[in-house]
Amino acid sequence: MRDIVKEIKSKFSNQDDFFIEEELVYNSTIYLIGFNTLVDLTKSKLYVQQMAASPTSLKALFINLSDQINVDTEKIIKAVLEGNLVIISQDGKQNVVVDPIAQNLRSSIEEPKNESPIQASMDAFGEDININVGMIRNRLNTEFLCHCSYQVGELEKRKLSMLYIKGRAPNDMIEKVNQQLKQIKSDIETIDDLNKQFGQRRLNPVSHLFATELPIQAIHSLKKNRIVLFLDNCPFALVFPNLFSDMLSSINDRNFPFVLSFMLRIFRVIGVVATLILPALYVALVSVNPEVFKTDLALFVAKSREGIPLSAFLETIAMVVLVDLILEAIVRLPKSVGPAITMVGGVILGQAMVEAKLVSNLLVIVITAVVIASSAVIGMQNSLYIRLLKYPILILASIFGILGVCTGFIFTVIYLASLTSNDIPYTTFRIEQKGDTK
(Lines give C-alpha, C1' and ligand atoms only; values in the text may rest on other atoms or scores of the structure.)
Protein backbone atom coordinates (compact mmCIF):
# COMPACT_ATOMS: atom_id res chain seq x y z
CA MET A 1 0.00 0.00 0.00
CA ARG A 2 1.60 3.21 -1.15
CA ASP A 3 2.18 6.37 0.88
CA ILE A 4 -0.87 8.23 -0.46
CA VAL A 5 -3.20 5.40 0.59
CA LYS A 6 -1.55 5.17 4.02
CA GLU A 7 -1.91 8.93 4.46
CA ILE A 8 -5.63 8.82 3.63
CA LYS A 9 -6.15 5.81 5.90
CA SER A 10 -4.48 7.58 8.83
CA LYS A 11 -6.53 10.71 8.13
CA PHE A 12 -9.77 8.76 8.59
CA SER A 13 -8.62 6.36 11.28
CA ASN A 14 -11.38 7.60 13.65
CA GLN A 15 -14.15 6.87 11.12
CA ASP A 16 -15.69 3.43 11.50
CA ASP A 17 -17.75 3.86 8.31
CA PHE A 18 -14.62 4.53 6.21
CA PHE A 19 -13.53 1.76 3.83
CA ILE A 20 -10.55 0.88 1.66
CA GLU A 21 -11.44 -2.03 -0.61
CA GLU A 22 -9.01 -3.82 -2.91
CA GLU A 23 -10.15 -4.78 -6.40
CA LEU A 24 -8.24 -6.65 -9.11
CA VAL A 25 -8.33 -5.02 -12.57
CA TYR A 26 -6.06 -5.99 -15.49
CA ASN A 27 -3.94 -8.11 -13.12
CA SER A 28 -3.29 -4.99 -11.07
CA THR A 29 -4.67 -4.01 -7.67
CA ILE A 30 -6.66 -0.81 -7.25
CA TYR A 31 -8.00 0.68 -4.02
CA LEU A 32 -11.61 1.87 -3.70
CA ILE A 33 -11.94 4.51 -0.97
CA GLY A 34 -14.97 6.22 0.57
CA PHE A 35 -17.63 6.14 3.32
CA ASN A 36 -20.09 3.23 3.30
CA THR A 37 -22.76 5.49 4.81
CA LEU A 38 -22.58 7.68 1.68
CA VAL A 39 -21.42 5.25 -1.03
CA ASP A 40 -23.20 2.03 -2.03
CA LEU A 41 -20.02 -0.04 -2.21
CA THR A 42 -21.54 -3.20 -3.71
CA LYS A 43 -23.18 -1.38 -6.64
CA SER A 44 -20.17 0.91 -7.11
CA LYS A 45 -17.80 -2.10 -7.36
CA LEU A 46 -20.11 -3.70 -9.91
CA TYR A 47 -20.13 -0.45 -11.90
CA VAL A 48 -16.30 -0.30 -11.93
CA GLN A 49 -16.11 -3.95 -13.05
CA GLN A 50 -18.53 -3.29 -15.89
CA MET A 51 -16.54 -0.24 -16.99
CA ALA A 52 -13.34 -2.30 -16.85
CA ALA A 53 -14.74 -4.80 -19.35
CA SER A 54 -14.01 -2.64 -22.41
CA PRO A 55 -10.84 -0.52 -21.81
CA THR A 56 -7.47 -2.25 -22.23
CA SER A 57 -5.46 -0.27 -19.66
CA LEU A 58 -5.86 1.22 -16.20
CA LYS A 59 -5.33 4.72 -17.56
CA ALA A 60 -8.10 4.26 -20.11
CA LEU A 61 -10.40 2.94 -17.38
CA PHE A 62 -9.77 6.01 -15.21
CA ILE A 63 -10.45 8.32 -18.19
CA ASN A 64 -13.77 6.57 -18.83
CA LEU A 65 -14.79 6.75 -15.16
CA SER A 66 -14.26 10.50 -14.66
CA ASP A 67 -12.46 13.61 -15.81
CA GLN A 68 -11.04 14.23 -12.30
CA ILE A 69 -7.81 12.26 -12.77
CA ASN A 70 -4.57 12.39 -10.79
CA VAL A 71 -5.68 15.04 -8.30
CA ASP A 72 -3.61 15.90 -5.22
CA THR A 73 -4.11 14.42 -1.75
CA GLU A 74 -6.04 17.42 -0.44
CA LYS A 75 -8.62 17.12 -3.22
CA ILE A 76 -8.88 13.37 -2.63
CA ILE A 77 -9.69 13.93 1.04
CA LYS A 78 -12.25 16.59 0.13
CA ALA A 79 -13.83 14.27 -2.43
CA VAL A 80 -14.16 11.46 0.14
CA LEU A 81 -15.81 13.83 2.62
CA GLU A 82 -18.27 14.96 -0.05
CA GLY A 83 -19.39 11.37 -0.58
CA ASN A 84 -17.46 10.54 -3.75
CA LEU A 85 -15.70 7.27 -4.55
CA VAL A 86 -11.92 7.58 -4.97
CA ILE A 87 -9.94 4.93 -6.85
CA ILE A 88 -6.14 4.77 -6.51
CA SER A 89 -3.74 2.52 -8.38
CA GLN A 90 -1.46 0.10 -6.54
CA ASP A 91 1.64 2.22 -7.05
CA GLY A 92 -0.22 5.35 -5.94
CA LYS A 93 0.72 7.28 -9.07
CA GLN A 94 -2.75 7.28 -10.62
CA ASN A 95 -6.07 8.16 -9.05
CA VAL A 96 -9.56 9.17 -10.09
CA VAL A 97 -12.55 10.76 -8.32
CA VAL A 98 -15.76 9.02 -9.37
CA ASP A 99 -19.38 10.02 -8.86
CA PRO A 100 -20.50 6.86 -7.08
CA ILE A 101 -23.78 5.03 -6.78
CA ALA A 102 -24.76 6.79 -3.56
CA GLN A 103 -26.65 5.38 -0.61
CA ASN A 104 -30.32 6.28 -0.82
CA LEU A 105 -30.58 8.57 2.19
CA ARG A 106 -34.13 9.62 1.43
CA SER A 107 -35.93 6.35 0.72
CA SER A 108 -37.18 5.89 4.29
CA ILE A 109 -37.07 9.51 5.47
CA GLU A 110 -40.37 10.98 6.59
CA GLU A 111 -41.48 14.22 8.12
CA PRO A 112 -40.89 14.52 11.89
CA LYS A 113 -43.79 13.20 13.98
CA ASN A 114 -42.77 14.41 17.44
CA GLU A 115 -41.26 17.81 16.60
CA SER A 116 -42.56 20.65 14.46
CA PRO A 117 -39.76 22.58 12.74
CA ILE A 118 -40.64 26.06 11.47
CA GLN A 119 -38.90 27.47 8.38
CA ALA A 120 -36.48 24.54 8.47
CA SER A 121 -35.79 21.19 6.81
CA MET A 122 -38.69 18.78 7.21
CA ASP A 123 -36.79 15.46 7.05
CA ALA A 124 -36.33 13.27 10.10
CA PHE A 125 -34.18 10.35 11.21
CA GLY A 126 -35.30 6.80 10.44
CA GLU A 127 -34.66 3.39 11.96
CA ASP A 128 -31.62 2.51 9.79
CA ILE A 129 -28.49 3.56 11.68
CA ASN A 130 -26.38 3.83 8.50
CA ILE A 131 -28.88 6.17 6.89
CA ASN A 132 -28.94 8.31 10.05
CA VAL A 133 -25.14 8.60 10.13
CA GLY A 134 -25.16 9.28 6.38
CA MET A 135 -27.64 12.14 6.86
CA ILE A 136 -25.21 13.76 9.31
CA ARG A 137 -22.21 13.21 7.01
CA ASN A 138 -24.16 14.54 4.03
CA ARG A 139 -24.70 17.87 5.81
CA LEU A 140 -21.51 18.05 7.87
CA ASN A 141 -18.79 16.96 5.42
CA THR A 142 -15.76 17.79 7.51
CA GLU A 143 -12.74 15.62 8.28
CA PHE A 144 -13.14 16.49 11.98
CA LEU A 145 -16.43 14.57 12.26
CA CYS A 146 -15.52 11.29 13.97
CA HIS A 147 -17.61 8.13 13.99
CA CYS A 148 -17.18 5.20 16.40
CA SER A 149 -19.36 2.09 16.17
CA TYR A 150 -20.17 -0.56 18.78
CA GLN A 151 -22.04 -3.84 19.13
CA VAL A 152 -23.93 -3.85 22.43
CA GLY A 153 -26.16 -6.39 24.17
CA GLU A 154 -25.98 -9.96 25.40
CA LEU A 155 -28.86 -11.81 23.74
CA GLU A 156 -29.85 -9.09 21.26
CA LYS A 157 -26.86 -7.51 19.57
CA ARG A 158 -27.59 -3.96 18.48
CA LYS A 159 -25.50 -1.46 16.57
CA LEU A 160 -24.59 1.75 18.36
CA SER A 161 -22.79 4.73 16.83
CA MET A 162 -21.11 7.67 18.52
CA LEU A 163 -20.44 10.89 16.59
CA TYR A 164 -18.47 13.92 17.71
CA ILE A 165 -16.38 16.70 16.21
CA LYS A 166 -12.69 16.29 16.97
CA GLY A 167 -11.32 19.39 18.64
CA ARG A 168 -14.78 20.52 19.76
CA ALA A 169 -16.05 17.88 22.19
CA PRO A 170 -13.84 17.63 25.35
CA ASN A 171 -11.41 14.71 25.20
CA ASP A 172 -12.14 13.56 28.75
CA MET A 173 -15.88 13.39 27.98
CA ILE A 174 -15.24 11.40 24.78
CA GLU A 175 -12.97 8.92 26.58
CA LYS A 176 -15.40 8.41 29.43
CA VAL A 177 -18.40 7.88 27.14
CA ASN A 178 -16.32 5.52 24.98
CA GLN A 179 -15.47 3.42 28.04
CA GLN A 180 -19.07 3.40 29.25
CA LEU A 181 -20.32 2.20 25.86
CA LYS A 182 -17.67 -0.53 25.64
CA GLN A 183 -18.65 -1.82 29.10
CA ILE A 184 -22.30 -2.41 28.15
CA LYS A 185 -23.12 -6.07 28.75
CA SER A 186 -26.90 -6.13 29.11
CA ASP A 187 -29.42 -5.84 26.28
CA ILE A 188 -30.38 -2.30 25.24
CA GLU A 189 -34.09 -2.46 24.49
CA THR A 190 -35.11 1.13 25.23
CA ILE A 191 -33.57 4.59 25.37
CA ASP A 192 -33.73 4.43 29.16
CA ASP A 193 -31.62 1.23 29.14
CA LEU A 194 -28.91 3.21 27.37
CA ASN A 195 -29.49 6.18 29.67
CA LYS A 196 -28.70 4.03 32.74
CA GLN A 197 -25.25 3.23 31.38
CA PHE A 198 -24.20 6.83 32.06
CA GLY A 199 -24.96 6.66 35.76
CA GLN A 200 -27.99 5.60 37.74
CA ARG A 201 -30.06 8.47 39.11
CA ARG A 202 -32.32 6.98 41.76
CA LEU A 203 -35.92 8.20 41.46
CA ASN A 204 -34.76 10.84 38.98
CA PRO A 205 -37.03 11.79 36.05
CA VAL A 206 -34.29 13.72 34.18
CA SER A 207 -32.46 11.75 31.48
CA HIS A 208 -28.77 11.96 30.58
CA LEU A 209 -29.84 11.94 26.92
CA PHE A 210 -31.85 14.42 24.88
CA ALA A 211 -33.72 12.77 22.00
CA THR A 212 -34.32 14.61 18.73
CA GLU A 213 -35.52 13.39 15.34
CA LEU A 214 -34.24 16.46 13.47
CA PRO A 215 -30.84 16.23 11.70
CA ILE A 216 -30.35 20.02 11.98
CA GLN A 217 -30.75 19.82 15.78
CA ALA A 218 -28.25 16.93 16.01
CA ILE A 219 -25.70 18.83 13.90
CA HIS A 220 -26.20 21.93 16.05
CA SER A 221 -25.48 19.84 19.15
CA LEU A 222 -22.30 18.48 17.57
CA LYS A 223 -21.14 22.02 16.86
CA LYS A 224 -21.87 22.89 20.49
CA ASN A 225 -19.21 20.38 21.66
CA ARG A 226 -21.55 17.52 22.47
CA ILE A 227 -21.77 13.85 21.52
CA VAL A 228 -24.54 12.34 19.38
CA LEU A 229 -25.47 8.67 19.70
CA PHE A 230 -27.48 6.54 17.28
CA LEU A 231 -29.07 3.22 18.22
CA ASP A 232 -30.16 0.79 15.53
CA ASN A 233 -33.95 0.66 15.01
CA CYS A 234 -34.33 3.89 16.97
CA PRO A 235 -35.45 6.90 14.86
CA PHE A 236 -33.82 9.47 17.14
CA ALA A 237 -30.45 11.08 17.66
CA LEU A 238 -29.54 10.90 21.35
CA VAL A 239 -27.57 13.98 22.39
CA PHE A 240 -25.22 13.61 25.38
CA PRO A 241 -25.23 15.31 27.78
CA ASN A 242 -28.81 16.52 28.15
CA LEU A 243 -28.83 20.12 29.40
CA PHE A 244 -31.54 22.30 30.92
CA SER A 245 -31.17 24.74 28.02
CA ASP A 246 -32.39 22.04 25.60
CA MET A 247 -35.97 22.61 26.73
CA LEU A 248 -35.70 26.37 26.28
CA SER A 249 -33.91 26.83 22.96
CA SER A 250 -33.94 25.15 19.57
CA ILE A 251 -31.93 25.56 16.40
CA ASN A 252 -35.19 26.50 14.67
CA ASP A 253 -35.32 29.67 16.79
CA ARG A 254 -32.34 30.99 14.85
CA ASN A 255 -34.47 31.24 11.72
CA PHE A 256 -36.00 34.34 13.32
CA PRO A 257 -34.37 37.68 14.22
CA PHE A 258 -32.65 37.74 17.61
CA VAL A 259 -35.45 39.70 19.28
CA LEU A 260 -38.07 37.15 18.26
CA SER A 261 -35.78 34.24 19.18
CA PHE A 262 -35.15 35.75 22.61
CA MET A 263 -38.89 36.32 23.08
CA LEU A 264 -39.63 32.64 22.34
CA ARG A 265 -37.12 31.54 24.96
CA ILE A 266 -38.59 33.91 27.54
CA PHE A 267 -42.03 32.42 26.84
CA ARG A 268 -40.65 28.92 27.43
CA VAL A 269 -39.12 30.03 30.74
CA ILE A 270 -42.52 31.45 31.72
CA GLY A 271 -44.07 28.12 30.68
CA VAL A 272 -41.73 26.14 32.95
CA VAL A 273 -42.33 28.43 35.94
CA ALA A 274 -46.11 28.53 35.36
CA THR A 275 -46.31 24.72 35.14
CA LEU A 276 -44.44 24.35 38.43
CA ILE A 277 -46.18 26.95 40.58
CA LEU A 278 -49.62 27.88 39.20
CA PRO A 279 -51.60 24.96 40.76
CA ALA A 280 -49.66 25.34 44.02
CA LEU A 281 -50.23 29.12 44.00
CA TYR A 282 -53.98 28.60 43.57
CA VAL A 283 -54.11 26.26 46.59
CA ALA A 284 -51.91 28.54 48.72
CA LEU A 285 -53.92 31.70 48.01
CA VAL A 286 -57.35 30.11 48.30
CA SER A 287 -56.96 27.87 51.35
CA VAL A 288 -53.89 28.95 53.35
CA ASN A 289 -53.11 32.61 52.64
CA PRO A 290 -56.34 34.29 51.45
CA GLU A 291 -55.27 37.48 53.25
CA VAL A 292 -52.89 38.18 50.39
CA PHE A 293 -55.86 39.11 48.17
CA LYS A 294 -57.50 42.51 48.21
CA THR A 295 -61.02 42.48 49.63
CA ASP A 296 -62.86 42.63 46.30
CA LEU A 297 -60.62 39.94 44.79
CA ALA A 298 -61.02 37.74 47.88
CA LEU A 299 -64.81 38.05 47.59
CA PHE A 300 -64.63 37.10 43.90
CA VAL A 301 -62.58 33.97 44.67
CA ALA A 302 -64.89 33.05 47.54
CA LYS A 303 -67.93 33.41 45.29
CA SER A 304 -66.35 31.22 42.60
CA ARG A 305 -65.93 28.45 45.20
CA GLU A 306 -69.37 28.84 46.73
CA GLY A 307 -71.10 25.48 47.21
CA ILE A 308 -67.99 23.38 46.41
CA PRO A 309 -67.68 20.55 48.99
CA LEU A 310 -64.03 19.70 48.26
CA SER A 311 -61.10 21.58 49.72
CA ALA A 312 -58.92 23.61 47.36
CA PHE A 313 -56.17 21.01 47.58
CA LEU A 314 -58.44 18.04 46.74
CA GLU A 315 -60.16 19.77 43.83
CA THR A 316 -56.79 20.87 42.43
CA ILE A 317 -55.29 17.38 42.74
CA ALA A 318 -58.38 15.90 41.09
CA MET A 319 -58.20 18.32 38.16
CA VAL A 320 -54.42 18.01 37.70
CA VAL A 321 -54.55 14.20 37.67
CA LEU A 322 -57.54 14.25 35.30
CA VAL A 323 -55.74 16.54 32.85
CA ASP A 324 -52.60 14.37 32.95
CA LEU A 325 -54.79 11.33 32.21
CA ILE A 326 -56.33 13.14 29.24
CA LEU A 327 -52.89 14.08 27.87
CA GLU A 328 -51.74 10.47 28.23
CA ALA A 329 -54.89 9.22 26.51
CA ILE A 330 -54.19 11.53 23.55
CA VAL A 331 -50.83 9.78 23.10
CA ARG A 332 -52.12 6.21 23.53
CA LEU A 333 -55.35 6.27 21.54
CA PRO A 334 -55.32 5.80 17.73
CA LYS A 335 -54.57 9.06 15.95
CA SER A 336 -57.81 8.90 13.98
CA VAL A 337 -60.01 9.08 17.09
CA GLY A 338 -57.70 10.01 19.99
CA PRO A 339 -57.73 13.83 19.79
CA ALA A 340 -61.49 13.97 19.11
CA ILE A 341 -62.45 11.65 21.97
CA THR A 342 -60.17 13.27 24.52
CA MET A 343 -61.12 16.82 23.51
CA VAL A 344 -64.85 16.12 23.64
CA GLY A 345 -64.43 14.08 26.82
CA GLY A 346 -62.33 16.79 28.46
CA VAL A 347 -64.71 19.60 27.56
CA ILE A 348 -67.84 17.71 28.57
CA LEU A 349 -66.30 16.36 31.78
CA GLY A 350 -64.86 19.75 32.74
CA GLN A 351 -68.15 21.51 32.11
CA ALA A 352 -70.05 18.84 34.04
CA MET A 353 -67.70 19.16 37.04
CA VAL A 354 -68.18 22.94 37.11
CA GLU A 355 -71.97 22.67 36.85
CA ALA A 356 -72.01 19.97 39.55
CA LYS A 357 -70.09 22.36 41.84
CA LEU A 358 -67.16 19.95 42.23
CA VAL A 359 -64.55 22.45 41.00
CA SER A 360 -64.54 26.21 40.56
CA ASN A 361 -64.41 28.14 37.27
CA LEU A 362 -61.18 29.80 38.42
CA LEU A 363 -59.46 26.43 38.86
CA VAL A 364 -60.48 25.38 35.35
CA ILE A 365 -58.77 28.52 34.00
CA VAL A 366 -55.64 27.79 36.07
CA ILE A 367 -55.42 24.16 34.89
CA THR A 368 -55.96 25.18 31.25
CA ALA A 369 -53.09 27.67 31.58
CA VAL A 370 -50.88 24.93 33.06
CA VAL A 371 -51.59 22.55 30.16
CA ILE A 372 -50.70 25.23 27.61
CA ALA A 373 -47.59 26.27 29.58
CA SER A 374 -46.27 22.70 29.89
CA SER A 375 -46.62 22.23 26.12
CA ALA A 376 -44.44 25.26 25.38
CA VAL A 377 -41.17 23.56 26.40
CA ILE A 378 -39.10 21.60 23.87
CA GLY A 379 -39.10 17.81 24.10
CA MET A 380 -41.83 15.46 25.26
CA GLN A 381 -39.69 14.05 28.08
CA ASN A 382 -38.91 17.54 29.39
CA SER A 383 -42.63 18.35 29.43
CA LEU A 384 -43.34 15.13 31.35
CA TYR A 385 -40.80 15.66 34.11
CA ILE A 386 -41.76 19.33 34.56
CA ARG A 387 -45.37 18.20 34.99
CA LEU A 388 -44.20 15.65 37.57
CA LEU A 389 -42.21 18.18 39.62
CA LYS A 390 -45.31 20.32 40.20
CA TYR A 391 -46.80 17.71 42.56
CA PRO A 392 -44.27 18.13 45.45
CA ILE A 393 -44.69 21.92 45.26
CA LEU A 394 -48.48 21.49 45.29
CA ILE A 395 -48.30 19.36 48.47
CA LEU A 396 -46.02 21.87 50.22
CA ALA A 397 -48.37 24.71 49.22
CA SER A 398 -51.35 22.94 50.79
CA ILE A 399 -49.47 22.78 54.12
CA PHE A 400 -47.40 25.95 54.27
CA GLY A 401 -49.10 28.24 51.76
CA ILE A 402 -46.99 30.85 49.96
CA LEU A 403 -43.96 29.80 52.01
CA GLY A 404 -44.42 26.25 50.74
CA VAL A 405 -44.60 27.46 47.13
CA CYS A 406 -41.37 29.44 47.46
CA THR A 407 -39.59 26.65 49.36
CA GLY A 408 -40.70 23.99 46.88
CA PHE A 409 -39.64 26.08 43.89
CA ILE A 410 -36.22 26.82 45.42
CA PHE A 411 -35.64 23.15 46.27
CA THR A 412 -36.62 22.20 42.71
CA VAL A 413 -34.04 24.62 41.31
CA ILE A 414 -31.39 23.28 43.73
CA TYR A 415 -32.27 19.70 42.78
CA LEU A 416 -31.90 20.38 39.05
CA ALA A 417 -28.64 22.25 39.64
CA SER A 418 -27.24 19.24 41.54
CA LEU A 419 -27.66 16.86 38.58
CA THR A 420 -24.59 15.99 36.51
CA SER A 421 -23.75 13.82 33.50
CA ASN A 422 -20.11 12.68 33.62
CA ASP A 423 -19.34 15.66 35.90
CA ILE A 424 -21.06 18.13 33.54
CA PRO A 425 -23.81 20.06 35.39
CA TYR A 426 -27.33 19.78 34.01
CA THR A 427 -27.84 23.54 34.33
CA THR A 428 -24.73 24.55 32.37
CA PHE A 429 -25.33 26.56 29.20
CA ARG A 430 -22.09 25.85 27.32
CA ILE A 431 -19.55 23.05 27.19
CA GLU A 432 -16.02 24.29 26.66
CA GLN A 433 -13.63 22.36 24.42
CA LYS A 434 -11.21 21.77 27.32
CA GLY A 435 -13.95 20.18 29.37
CA ASP A 436 -14.72 23.15 31.60
CA THR A 437 -18.32 24.28 31.73
CA LYS A 438 -19.87 27.70 32.06
- request: Sketch the reach of a paramagnetic label on residue 349 as a point 7 Å from Cα along Cα-to-Cβ, and name the residues of the range 364-378 whose backbone nitrogen lies under 20 Å away.
  value: 364-375
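For a quick check of your reading of the filter: which trypsin sites (Lys or Arg not before Pro) in the range 235-328 sit in a DSSP loop and have no more than 11 other Cβ atoms within 10 Å? Show your work: numbers first, answer last.
Values: sites: 254, 265, 268, 294, 303, 305; in loops: 294, 305.
Those satisfying the criteria are 294.
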field: With 5 Å bins from 0: P(r) over the range 74-231, alpha-carbon pairs, percent
entry: 1, 8, 15, 17, 19, 16, 11, 7, 3, 2, 1, 0, 0
- request: Could you pull out every one of the lysines with an alpha carbon less than 19 Å from that of residue 357, ignoring same-chain neighbours closer than 8 positions?
  value: 303
- request: Mind giving me the nanometre distance, one decimal, between the label points for residue 3 and residue 193, set 7 Å out from Cα along Cα→Cβ?
  value: 5.0 nm
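Using 21 Å as the Cα-Cα cut-off, could you pick out the over-long pairs in 176/196; 196/390; 9/185? Write down the numbers at each step before the final one.
Numbers: 176/196 14 Å; 196/390 24 Å; 9/185 31 Å.
Result: 196/390; 9/185 exceed 21 Å.
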- prompt: If you project the alpha carbons of the chain onto their three principal axes, what span does each projection cover, largest first, in Å?
  reply: 98, 49, 46
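Averaged per residue, what accessible surface does the chain expose to a 1.4 Å probe, in Å²?
On the way: 22620 Å² over 438 residues.
Value for the chain: 52 Å² per residue.
For the pairs 59/166; 43/75; 43/166, flag any whose C-alpha to C-alpha distance is greater than 29 Å. Can you show the working numbers first?
Working: 59/166 37 Å; 43/75 24 Å; 43/166 31 Å.
Cα-Cα > 29 Å for 59/166; 43/166; rest within.
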query: Using the Karplus equation 6.51 cos²θ - 1.76 cosθ + 1.60 (θ = phi - 60°), what ³J(HN,Hα) coupling, rounded to whole Hz, does each residue of the range 170-186 give in order, writing x for Gly and Pro?
result: x, 4, 5, 5, 4, 5, 5, 5, 4, 5, 5, 6, 5, 8, 5, 10, 7
query: How large is ³J(HN,Hα) for each residue in the range 251-266, as worked out from phi by the Karplus curve 6.51 cos²θ - 1.76 cosθ + 1.60 (θ = phi - 60°), to whole Hz, x for Gly and Pro?
result: 4, 5, 4, 6, 6, 9, x, 4, 4, 5, 4, 5, 4, 4, 5, 4
field: Residues residue 142 and residue 388, FRET efficiency given R0 of 60 Å [Cβ-Cβ distance, rounded to 0.05]
entry: 0.90
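Give me the one-decimal Kirkwood hydrodynamic radius in Å for the range 349-438, with the sum taken over alpha-carbon pairs. Spell out each step's value before the answer.
Numbers: mean 1/r = 0.0627 Å⁻¹.
Final number for the Kirkwood radius of the range 349-438 is 15.9 Å.
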query: Label-point separation (nm) for residue 294 and residue 182, each offset 7 Å from Cα along Cα-to-Cβ?
result: 6.8 nm
- request: Kindly express, to the nearest 10 degrees and within the range 0 to 90, the angle between helix 312-332's C-alpha long axis and the longest C-alpha principal axis of the chain.
  value: 30 degrees
task: Report the full-extension gain for the segment residue 362 to residue 203: residue separation times 0.36 nm, less the Cα-Cα distance, to one decimal in nm.
output: 53.9 nm
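Evaluate E = 1/(1 + (r/R0)^6) for residue 318 and residue 413, where r is the Cβ-Cβ distance and R0 equals 35 Å; express this FRET efficiency to the nearest 0.05. Before the final figure, lay out the partial values.
Numbers: r = 28 Å, r/R0 = 0.79.
Calculated value: 0.80.
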query: Given 0.36 nm per residue, what is the gain on full extension from residue 57 to residue 157 after removing their alpha carbon distance, in nm?
result: 31.5 nm
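Would you mind giving the average projected area, over all directions, of the Cα convex hull of the range 150-241 in nm² with one decimal? Mind showing how you got there, number by number?
Details: hull surface 23.4 nm².
So the Cα hull casts an average projection of 5.8 nm².
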task: Taking H placed 1.01 Å from N in the peptide plane, check which residues at least 5 places from residue 101 or on another chain put their amide H under 5 Å from its amide H.
output: 40, 44
query: Between residue 166 and residue 265, what length comes free when the chain is fully extended (0.36 nm per residue of separation minus the Cα-Cα distance, one decimal in nm)?
result: 32.7 nm
- line: The long-range amide H neighbours of residue 14, using H built 1.01 Å from N in the peptide plane and a cut-off of under 5 Å, are none
message: Averaging over every viewing direction, what projected area does the convex hull of the Cα atoms of the range 204-356 cover, in nm²?
response: 13.8 nm²
- request: Show the residues, 5+ positions off or on another chain, whose built amide H is closer than 5 Å to the amide H of residue 25.
  value: 30
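The values are calculated or read from the model by the stated rules, or taken from the named source; none is laboratory data. What you see is a predicted model; the values in this text were computed from it and never measured. Here Cβ is always computed from backbone atoms with ideal geometry, including for glycine, and neighbour counts include all displayed protein chains. Ligands, DNA and RNA are excluded from the accessible area calculation, which covers all protein heavy atoms including side chains. Shrake-Rupley method; radii C 1.70, N 1.55, O 1.52, S 1.80 Å.
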